[in-house]
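The values are calculated or read from the model by the stated rules, or taken from the named source; none is laboratory data. All of these numbers come straight from a predicted model, not from anything done at the bench. Virtual Cβ from ideal backbone geometry, glycine too; neighbours counted across all protein chains shown.
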Amino acid sequence: MRAFELTERGKILVAVVLVLLFLVLTAGILVFMAMASPSTDQPISDQSPQESLPSPDDTASSPIAIPPPPDDDGLDPPVVTPPDNGGSHTPRPNGVGPPVVDSTEGTLSFFFSTEFQSGLDQEIMSMLDIFLGSPENTHDKMIAIETPKLSEEDTGTFITVITDALGELGIEAQHLAHIVDPNLPLDVYFEVNLSYITHRPK
């Protein structure tokens, strides 16, 4: 037999043919495997569960609980109603002045109305403290309470008020003397004068 010897060109052609055959075979195997295996790509079903989000209409129709504002909004202090202390907040009418005390002389003057007041206000009570601190307040003296000539009802009402007020400050009723001065004008608010005397008037 006659032996064949491949030239350099023949060797290159054989190598190219083998590479092409290998590529075609590999591609065919991959195509076959792809066709034989089930597809992993599944279309998304229109009925797949989705997160439920409120629609704008639902949000608008749903009631929203709004907490009430706090009593104290941090801007203004809360309004505190002071306790009623016998008409301590009753405004004085024109011509009715504030109480006046003279500790040295031992006198106190103030206005009072049995119609509009049920007790002495805090200002008069403070003046009573000063009045009782007078050097005229000695064990041998009494407190004279001078008023205009009042009706029997108004007299009883006022004497109860002044007796209770002085009793809170430690003054007993037997150390008080009511004096009627007919020269004092009688009005809705009448003048009351307190002073120290050494004997009970007859």
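Restricting attention to segment 167-196, which residues are at pLDDT 95 or above, within 15 Å of residue 130 (Cβ to Cβ) and among the hydrophobic types (A, V, I, L, M, F, W, C)? Within segment 167-196, just 194 meets the criteria. As an exercise: evaluate residue 143 against (1) farther than 25 Å from residue 104 by Cβ; (2) touching a residue at least 40 places away in the same chain (Cβ under 8 Å) and give the number of the one condition it does not meet. The single condition residue 143 does not satisfy is (1). Using the structure shown, decide if residue 97 is over 18 Å from residue 164 (Cα atoms), at pLDDT below 95 and surrounded by fewer than 19 Cβ atoms within 10 Å (Cβ to Cβ). Yes, satisfied. For segment 182-202, residues that are out of contact with any Gly (no Cβ under 9 Å at 6 or more places or on another chain), closer than 18 Å to residue 157 by Cβ and part of a loop (DSSP other than H, G, I, E, B) total 3. Scanning segment 1-24 for residues that are modelled with pLDDT under 75 and surrounded by 10 or more Cβ atoms within 10 Å (Cβ to Cβ) returns a single hit, 6. Is it true that residue 173 is of a type in the set (A, V, I, L, M, F, W, C), free of Cβ contacts under 8 Å to residues at least 24 places away in the same chain and in contact with a Leu (Cβ under 9 Å, 6 or more places away or on another chain)? Judged against the criteria, residue 173 is a match. In this structure, residue 146 does satisfy being on the phi < 0 side of the Ramachandran plot and surrounded by 11 or more Cβ atoms within 10 Å (Cβ to Cβ). Kindly provide the set of residues from segment 180-202 that are in contact with a Pro (Cβ under 6 Å, 6 or more places away or on another chain) and farther than 21 Å from residue 122 by Cα, ordered by number. Matches in segment 180-202: 184, 186.
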